[in-house]
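Novice: Starting off with a structure, shown below.
The values are calculated or read from the model by the stated rules, or taken from the named source; none is laboratory data. This one's a predicted model, so the numbers in the text were calculated from it and none came from an experiment. Here the Cβ is made from the backbone with ideal geometry for all residues, glycine too, and neighbour counts use every protein chain on show.
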Amino acid sequence: MTRKSGLNADHIHEFSRRAKSYTRHNVIQKKVVEKLFSKIDSNPGKILDLGCGSGAVYDRIDWEIERFVGIDKADQMCMLHPKNEKITLLHADFEDEKLLNRLGTFDMVISSSALQWARNLEKLFDTIAQITDQIAFAIFCDGTFKTIYEMTGMQTFLPNVQRLLPTLEKRFDITYEVKDYRLEFPDNLSKFRYIKQSGVSGGKKVLGVRQTRELIRKYPLTYLEFEVLFCYGRVKK
């Protein structure tokens, strides 16, 4: 599954520039991490976190670990991540196959709210299957901001659940759940400020000023929509 709209330099700059704002406004991402961890039924000692951000995954770990490696392209996000002798943080591309293979093996690879930015999920899943036995992923999918895309006629850059599942099932024996979230706001301006400040959009600028104002004026819902695929599994033998 290769997509042209991966995490490019503009996205990375936006995440870095808004790193502190992101940690204050990532309401949905925090809910997603809690949901993801609610179904992790083991206590892996060696963990690789793809798209580690400012540390939401690490902060949720409540058992003793041996080693934690976090990878993120946004250096300012990594600067906000917790640090100790068991943590290794890499300011790098989590799709770098050579890098992942150099890191050795892990008990579990976790990714929360990051894999939707991958340029080539098929190749990434192949690499992950070589370095771990267990996975736990939360991936934003194309039901996110559904009404906005329908109103504007824009094409979403987020993956589709039904096309993503076969890609996962090719490599992993999985259980999964698709969950829809609604985040309420007092007015439309607040909604679009959230999109800009939270990092959910990855800094992707696709509307002009006039289009944005029109969308803010006409957006019909009291909430923003989010669709997340939660996936757990083991590598197929």
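Novice: Just name the residue that is surrounded by the fewest Cβ atoms within 10 Å (Cβ to Cβ) out of those in region 218-237 that are hydrophobic (A, V, I, L, M, F, W, C) and part of a strand (DSSP E or B).
Specialist: Val235
Residues checked against (1) under 16 Å from Phe226 (Cβ atoms); (2) of a type outside the set (S, T, N, Q); (3) buried (at least 23 other Cβ atoms within 10 Å of the Cβ):
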site: Ser111; (1), (2), (3): no, no, yes
site: Gln116; (1), (2), (3): yes, no, yes
site: Asn120; (1), (2), (3): no, no, no
site: Asp142; (1), (2), (3): yes, yes, no
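Novice: Sticking with this structure for a sec: Out of the residues in region 146-173 that are in contact with a strand residue (DSSP E or B) (Cβ under 7 Å, 6 or more places away or on another chain) and either exposed (fewer than 14 other Cβ atoms within 10 Å of the Cβ) or part of a loop (DSSP other than H, G, I, E, B) (or both), state the one that is modelled with the lowest pLDDT.
Specialist: So the residue we want is Leu158.
Novice: Any residue in region 25-32 that is surrounded by 14 or more Cβ atoms within 10 Å (Cβ to Cβ), modelled with pLDDT of 95 or more and touching a strand residue (DSSP E or B) at 6+ places or on another chain (Cβ under 7 Å)?
Specialist: Yes: one or more hits.
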